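> Below are the structure tokens for one structure; questions will follow.
The values are calculated or read from the model by the stated rules, or taken from the named source; none is laboratory data. All of these numbers come straight from a predicted model, not from anything done at the bench. FYI the Cβ positions are ideal-geometry reconstructions off the backbone, even for glycines, and counts take in every protein chain you see.
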Amino acid sequence: MKYNIEKLWREHSLKNAELNSRRVFLKNAGISLGALALGSFLPGCKTPGMQEKALDLNPLMPKSPHFAAKAKSVIYIHMAGAPSQFELFDFKPELNKLNGMDCPPSLLAGKKFAFIRGIPKMLGNQAQFEQVGDSGAWVSENLPHFKKVVDEVSFLRGIHTDQFNHAPAQIMMHSGSAIIGRPSLGSWATYGLGSENQNLPGFVVLTSGGVNPDAGKQVWGSGFLPSVYQGVQCRSSGDPVLFLNNPENTTRDIRKLSINAINDVNKLTYDEFKDPETVSRISQYEMAFRMQMSVPEVMDISSEPESIHKLYGTEPGKESFANNALLARKLVEKGVRFVQLFDWGWDAHGVSRDTSLGIGLKNKCRETDKPVAALLLDLKQRGLLDETLVIWGGEFGRTPMQENRNGVSQVYAGRDHHPNAFTMWMAGGGIKQGESHGETDEIGYEPTRDKKSIHDIHATILNQLGFDHEQFTHEFQGRRFRLTDVEGRVIKSIIT
Amino acid sequence: MIDFLGRTHLLLLHLPIGILLLGFTIEWARHFKWITISKSALSLAYFIGALSAIFACLSGYFLSEGYNYTDEETYNHFWAGIVTAVLATSIFMVNVWTQSPYQKWLALGLAISVAVTGHLGGSLTHGEGFLNPATMAEEKSSTPVFDVEDIPNAQVFDDIIFPVLDAKCISCHGPNKIKGKLRMDSPDFILAGGKSGDDLMGQNGAIQTRIDLPISNDKHMPPKNKTQLTEDENIIISWWLANGGSFDSKVNEINASPDFIMQIEKMIRTSSAQSHEANIAAFLPEEDPGPIDEEALIKIKASNIVALPAGEESNFVELNFVNVENLDAELFSQLDPILNHITRLQLSDQDVTDEHMKSISRMKNLVKLYLDNTKITDQGISLLKDIPYLNYLNVNGTQVSDAGISSLSSLPQLKKVYGFHTGITLDSLSSGIEIIKGNFVLEPLPSDTIRL
């Protein structure tokens with residue numbers, strides 16, 4: 001034993017002497033200096049996927065777009081589940097003549113449907129249509145209030161997408177790609193423009209219909225952009241933003257002190273590692289603190305006058321599309337860039353009473369028709385429609401054939417998913433009034449004129465916000481990404 | 001035989017370049033006494049150089065005859081080549097028979113002449129601007145740019161066909177280059193045809209047959225090293241030629257089925273996806289106010305005013321007071337240095353009074369003005385009557401009345417005034433300015449509340 005300890009001690013002394021020798025010191029010094037120098041040669045080796053420009057401690061600082069913009073804010077109304085264009089806007093007398101007949105095989109050859117099997121029957125318009133407004137647009141009886149504002153909007157009647165299932169089609173509609181991982185429209189907008197009102201988020205999401213969209217929160221996600229640009233989901237009843245209130249017995253001053261302390265530490269961390277997510281976290285804390293004051297105020301619709309409640313059909317405290325529509329106006333009025341409304345329940349397959357064209361769809365129309373018309377009128381009377389772009393649409397269209405799920409004919413009238421042709425509309429924000437763009441064939445199966453893609457819509461929205469969609473990029477994983485990827489063409493004929 | 005001699009030009013031309021430049025190098029190296037070399041050796045170099053230059057000229061002449069070049073294109077190269085040959089011959093003779101101190105300057109002149117000739121020749125083969133790929137890429141946009149919205153009512157030739165020709169043919173068959181003595185930049189030129197004398201138009205005309213030839217064929221158009229027609233462009237040009245090749249009809253006046261209109265639309269879509277298109281921006285006054293006072297702008301931003309250029313690189317600025325808590329006079333006076341730059345001013349919900357309106361009335365480039373829910377009165381609003389570009393005015397929720405708003409009826413650009421919750425009773429001003437007074441109602445319907 002004694003021998004071993006002595007041997008170890010000798011070995012230790014020897015090693016110690018070696019490591020403290022002049023030679024070792026100089027050698028290590030050389031390596032350290034080299035490493036220091038190397039660090040300065042490789043300035044790009046910080047964190048991938050973040051442009052230098054955006055590494056500001058306030059990522060939501062307002063920024064200029066590429067050129068003078070016609071629209072300052074966007075309200076995007078997405079009817080999740082895909083409303084049937086045949087019961088709202090696409091009047092097809094020829095299809096009505098074919099009602100109940102077998103679908104010709106030429107329409108089915110090579111096509112794949114979500115639920116239609118075998119040979120379905122053609123299904124005419126399940127609503128009465130009339131031409132309304134100075135523009136003479138065809139609108140169905142399901143939208144009596146919308147008929148009064150029809151001259152404010154530009155219809156896009158030949159939209160097509162390449163997805164026929166809800167989740168990928170919704171992700172496609174909001175991020176330009178059916179595969180998750182891309183930033184949503186609102187994220188791009190706040191990434192490019194920041195937030196004018198520093199006390200409110202730049203991108204707010206409101207959902208109604210009882211269920212979130214099928215694609216989940218991905219449809220307002222920030223994808224590869226820093227997460228500070230993702231949509232902030234607010235609720236129209238109860239606390240507008242969950243977990244925003246201070247815990248019991250915590251005053252606002254104490255909360256401020258603790259947030260400052262946390263952010264100081266985060267700033268040190270950011271200086272050390274340069275991770276943009278740290279910046280996101282800092283600004284999210286600060287934003288949340290400011291929102292504690294501003295959000296309850298702006299999200300409170302009970303202070304609105306009775307005339308406004310009558311206009312929208314709102315009932316404070318209730319979760320409804322009407323309340324969300326009114327909130328959208330209030331948010332835009334306070335300088336929020338992008339308000340995304342989702343209303344769930346438009347998937348009219350006809351498999352039940354609630355999904356039938358004759359009952360379920362009509363009820364959805366009754367819930368939303370007045371608020372949509374009211375939103376346009378209210379924006380107009382407040383002078384906001386001039387610079388607020390309003391977009392209405394679903395994720396795809398519906399078939400001119402009656403759905404026969406699993407080849408069995410159904411009791412209720414319903415339609416299957418149809419990505420080839422559907423209708424959307426835009427209003428305000430530099431969009432022409434009473435314009436109609438695009439046409440479908442006699443049965444509304446395919447566009448015959450001005451067929452436009454989702455990328456074209458995105459290009460148009462970005463143009464209205466002042467962006468050249470081809471130049472508006474973010475570098476991620478060694479490649480510059482665009483919302484419109486390699487496609488998209490601004491739909492010039494609906495722009496003033 | 002002539003053809004063959006012509007093509008030896010491409011081989012021969014390199015000899016005088018190499019040999020004459022070598023002669024020039026030796027000449028000057030000898031002058032600086034870096035090397036010693038006998039005069040006869042230099043004579044030999046100049047002799048072979050001059051001889052090859054003369055042969056290059058001859059073969060070049062044959063080449064231009066037998067090939068598709070026009071006189072205009074080859075003119076400079078032709079004469080530069082002759083100058084080079086003459087210079088080479090004379091320097092050879094000077095070297096052999098005289099002892100001139102000017103010989104080295106002659107050699108310099110020769111070298112320059114060789115370089116110029118070579119460059120001109122290179123431009124013929126490889127195209128103008130070959131040396132600068134950046135400008136080349138910009139100029140050589142071979143993607144058609146269409147400006148057409150309503151396809152059935154578009155002009156077939158001007159709107160649909162010509163952009164394709166412009167992108168794919170006219171760089172060689174146009175004003176800058178007239179290969180094969182053919183220009184395609186106007187209907188008259190197309191009808192006139194080119195050197196071969198073939199009729200270009202019609203289903204069996206030269207355009208169609210040249211396109212249809214296999215790409216390996218020398219007569220295939222566009223030539224195989226140039227951007228080819230896309231499949232869509234091919235189909236559409238054939239359709240145009242097969243349907244009479246009209247120069248002045250609309251699409252729907254000739255045989256165009258809905259499917260075919262879709263085809264045209266597809267072509268336009270694809271090419272616009274590749275070409276950069278102009279953006280549609282909001283209106284800004286034409287006259288640029290010059291650079292903005294950056295220091296003043298920084299101060300303004302520090303006061304919580306959102307102050308952003310109206311687009312990157314614009315000298316106009318848009319202001320939004322949404323984050324301002326107290327609008328005092330001092331804050332407003334910060335705007336003085338940039339009054340001419342402001343095109344959009346949003347003062348909603350602020351304590352703006354008629355006093356502030358004096359500053360605002362000096363903003364000559366103001367286009368949009370938000371004064372909703374402020375304390376302005378008729379007196380303040382009438383100060384706006386000299387703002388020439390004012391297009392949008394929002395006085396919602398103010399004390400402004402008919403008297404104040406009527407004073408603005410002469411504003412040339414003003415289209416809409418928002419007068420919700422004001423004393424205004426007019427629907428429009430005499431000059432056609434629309435006043436939106438709001439208070440819209442949607443009559444309640446039973447269906448609003450009753451569910452099926």
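> Going by what's in this entry, would B:E27 be described as under 30 Å from B:C172 (Cα atoms) and not polar (S, T, N, Q)?
In short, no.
> In region A:404-421, is there at least one residue being farther than 23 Å from A:A348 by Cα and either within 11 Å of chain B (Cβ to nearest Cβ) or surrounded by fewer than 24 Cβ atoms within 10 Å (Cβ to Cβ) (or both)?
Taking every residue of region A:404-421 in turn, none turns out to be farther than 23 Å from A:A348 by Cα and either within 11 Å of chain B (Cβ to nearest Cβ) or surrounded by fewer than 24 Cβ atoms within 10 Å (Cβ to Cβ) (or both).
> Inside region B:298-341, can you point out the residues that are more than 10 Å from chain A (Cβ to nearest Cβ), small (G, A, S) and assigned to a loop (DSSP other than H, G, I, E, B)?
B:S303
> Something else about it: In this structure, is A:R482 more than 9 Å from chain B (Cβ to nearest Cβ), charged (D, E, K, R) and within 30 Å of B:L308 (Cα to Cα)?
Yes.
> Another question, then. Looking at region A:251-345, what helices (runs of 4 or more DSSP H) fall wholly within it and have at least 1 residues that are closer than 30 Å to A:G383 by Cβ and outside the structural domain of A:G192 (by TED's automatic domain parsing)?
A:276-298
> For the subset of region A:447-478 comprising residues that are among the charged types (D, E, K, R) and in contact (Cβ under 8 Å) with a residue 60 or more places away in the chain, which member is farthest from the other protein chains (Cβ to nearest Cβ)?
A:E475
> Let me ask something else. Do we have A:L341 as within 28 Å of A:G194 (Cβ to Cβ) and under 19 Å from the mean Cα position of the chain (by Cα) here?
Here the answer is yes, as A:L341 does meet what is asked.
> Of the residues that sit in region A:209-247 and are of a type in the set (D, E, K, R) and modelled with pLDDT under 85, which one is surrounded by the most Cβ atoms within 10 Å (Cβ to Cβ)?
That would be A:R235.
Condition check ((1) closer than 23 Å to A:I491 by Cβ; (2) under 28 Å from the mean Cα position of the chain (by Cα)) across all residues:
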site: A:P83; (1), (2): yes, yes
site: A:I116; (1), (2): no, no
site: A:P120; (1), (2): no, no
site: A:S140; (1), (2): no, yes
site: A:F146; (1), (2): yes, yes
site: A:D151; (1), (2): yes, yes
site: A:S154; (1), (2): yes, yes
site: A:H160; (1), (2): yes, yes
site: A:A167; (1), (2): no, yes
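> Related question: Which one of A:G444, A:G428, A:G466 is crowded, with 22+ Cβ neighbours inside 10 Å and over 24 Å from A:P65 (Cα atoms)?
Only one candidate qualifies: A:G444.
> Now, a different point. Restricting to region A:203-248, what's the tally of residues that are in a loop (DSSP other than H, G, I, E, B) and either within 15 Å of the chain's Cα centre (by Cα) or not small (G, A, S) (or both)?
24
> From the list B:P285, B:P291, pick out the single residue that is within 13 Å of chain A (Cβ to nearest Cβ) and not in a helix (DSSP H, G or I).
B:P285
> Only one of these is in contact with a helix residue (DSSP H, G or I) (Cβ under 7 Å, 6 or more places away or on another chain) and within 14 Å of chain B (Cβ to nearest Cβ): A:A373, A:A427, A:A328. Name it.
Matching residue, one of A:A373, A:A427, A:A328: A:A373.
> Of everything in region A:198-240, what is more than 24 Å from A:K364 (Cβ to Cβ) and either of a type in the set (S, T, Y) or in contact with a His (Cβ under 8 Å, 6 or more places away or on another chain) (or both)? Give them in sequence order.
A:S222, A:F224, A:L225, A:S227, A:Y229
> For B:N95, are the conditions met, namely being in a helix (DSSP H, G or I) and over 22 Å from B:P175 (Cα atoms)?
Yes; evaluated as a whole, the condition is true for this residue.
> A further question on this structure: Would you tally the residues in region B:190-246 being in a helix (DSSP H, G or I), in contact (Cβ under 8 Å) with a residue 40 or more places away in the chain and over 18 Å from B:C172 (Cβ atoms)?
3
Results for (1) crowded, with 22+ Cβ neighbours inside 10 Å; (2) over 20 Å from B:S348 (Cβ atoms), shown as yes or no for each residue.
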| residue | (1), (2) |
| --- | --- |
| A:K274 | no, yes |
| A:E277 | no, yes |
| A:I282 | yes, yes |
| A:A288 | no, yes |
| A:M293 | no, no |
| A:K318 | no, yes |
| A:E333 | no, no |
| A:V336 | yes, no |
| A:S352 | no, yes |
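> Would you mind finding the one in B:I236, B:I264 that is within 14 Å of another protein chain (Cβ to nearest Cβ) and at pLDDT 85 or above?
Step by step, each of B:I236, B:I264 is checked, and only B:I264 is within 14 Å of another protein chain (Cβ to nearest Cβ) and at pLDDT 85 or above.
> Just a yes or no: is a residue in region A:257-280 among the aliphatic types (A, V, I, L, M) and modelled with pLDDT under 90?
There is at least one residue in region A:257-280 that is among the aliphatic types (A, V, I, L, M) and modelled with pLDDT under 90.
> Further question on the same structure: For region A:101-147, which residues satisfy the criterion of being crowded, with 16+ Cβ neighbours inside 10 Å and over 18 Å from A:R398 (Cβ atoms)?
Within region A:101-147, A:V132, A:G133, A:S135, A:A137, A:P144, A:H145, A:F146, A:K147 qualify.
> A:G414 fails exactly one of the following numbered conditions: (1) under 16 Å from A:G394 (Cβ atoms); (2) within 24 Å of the chain's Cα centre (by Cα). What is the number of that condition?
(2)
> Hey, another quick one. Quick check on region B:254-264. Is at least one of its residues of a type in the set (D, E, K, R), farther than 30 Å from A:Q471 by Cβ and in a loop (DSSP other than H, G, I, E, B)?
No, region B:254-264 contains no residue that is of a type in the set (D, E, K, R), farther than 30 Å from A:Q471 by Cβ and in a loop (DSSP other than H, G, I, E, B).
> Please work out which residue is nearest to A:R449 (Cα to Cα), limiting yourself to region B:267-282 and to residues that are at the interface with another protein chain (Cβ under 10 Å from one of its Cβ atoms) and at pLDDT 80 or above.
The qualifying residue nearest to A:R449 (Cα to Cα) is B:I268.
> Between residues in region A:148-175 that are free of Cβ contacts under 8 Å to residues at least 60 places away in the same chain and residues that are in a helix (DSSP H, G or I) and polar (S, T, N, Q), which pairs lie under 9 Å by C-beta distance while being six or more apart or on different chains?
The qualifying pairs are A:A167/A:Q218; A:I171/A:Q218.
> Sort out which residues of region B:424-452 are within 26 Å of B:L393 (Cβ to Cβ) and among the basic types (K, R), and write them in order of number.
The answer is B:K437, and nothing else.
> Then there's this: Got a sec? Which of B:F62, B:F78 is surrounded by 18 or more Cβ atoms within 10 Å (Cβ to Cβ) and either touching a residue at least 60 places away in the same chain (Cβ under 8 Å) or over 43 Å from the mean Cα position of the chain (by Cα) (or both)?
Checking each option against the conditions leaves just B:F62.
> Which condition number does B:D349 fail, the rest of (1) within 12 Å of chain A (Cβ to nearest Cβ); (2) crowded, with 20+ Cβ neighbours inside 10 Å being met?
Against the list (1) within 12 Å of chain A (Cβ to nearest Cβ); (2) crowded, with 20+ Cβ neighbours inside 10 Å, B:D349 comes up short only on (2).
> Can A:E387 be described as at pLDDT 95 or above, within 30 Å of A:H309 (Cα to Cα) and within 14 Å of chain B (Cβ to nearest Cβ)?
yes
> If the Cβ limit is 7 Å and pairs must be 6+ apart or interchain, which residue in region B:151-169 that is more than 14 Å from chain A (Cβ to nearest Cβ) pairs with which residue that is basic (K, R)?
These pairs meet every condition: B:Q155/B:K250; B:V156/B:K250.
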